[in-house]
Amino acid sequence: MNMSDFDARWQECVARARHAPTRDDTIPFGFAGRVVALAFSRGEPSQEEVLGRLAFRMLAGAAALLILLAVLEAPHLRGSRPLETGVENTVAQLVWSL
C-alpha cells in the first residue's frame, strides 16, 4: 500500500464518518437511581470479608517482596555457594567476643 492509496482510503473513511447517523448519548431515565440503589443494596461488608481482603493483600505483598528479593539475589548466587559462610559469621563472632 503506497501513500496515495492511504490518502484515498482515509478520505473515503472521513466521508463515511461525516454521513453516518448520530447516536443518542443520553443516559436512560432512572439510570442514576438504579446505580445508587444497587450500590446501597449490597450493604456493608462483614468483618470476615474485610479481614479476608486485608489478608489477601498482605499475602500478595509478601509474595511480591519475596520475588523481588529473589531476583535481586539471583546474580550473587552464581559466584558462590548459597550457604557459604561470609561476613555474617565474622560479625557474629566479633559481637559474641565483646
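Among the numbered criteria (1) at pLDDT 90 or above; (2) part of a loop (DSSP other than H, G, I, E, B), which single criterion is violated by D25?
D25 satisfies all of (1) at pLDDT 90 or above; (2) part of a loop (DSSP other than H, G, I, E, B) except (1).
Of the residues V91, V87, which single one is modelled with pLDDT under 90, surrounded by 10 or more Cβ atoms within 10 Å (Cβ to Cβ) and of a type in the set (V, I, T)? Let's see the steps before the verdict.
Values: V87 fails: surrounded by 10 or more Cβ atoms within 10 Å (Cβ to Cβ).
Within the list V91, V87, the selection yields V91.
Residues are listed down the side, and each one gets a yes or a no for (1) surrounded by 10 or more Cβ atoms within 10 Å (Cβ to Cβ); (2) modelled with pLDDT of 85 or more; (3) of a type outside the set (G, A, S); (4) assigned to a helix (DSSP H, G or I):
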| site | (1), (2), (3), (4) |
| --- | --- |
| F29 | no, yes, yes, no |
| A32 | yes, yes, no, yes |
| A39 | no, no, no, yes |
| L66 | yes, yes, yes, yes |
| A74 | no, no, no, yes |
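The values are calculated or read from the model by the stated rules, or taken from the named source; none is laboratory data. As the structure is a prediction and not an experimental result, all values here were calculated from the model. Neighbour counts are summed over all protein chains in view; Cβ atoms, including those assigned to glycine, are modelled from backbone coordinates with ideal geometry.
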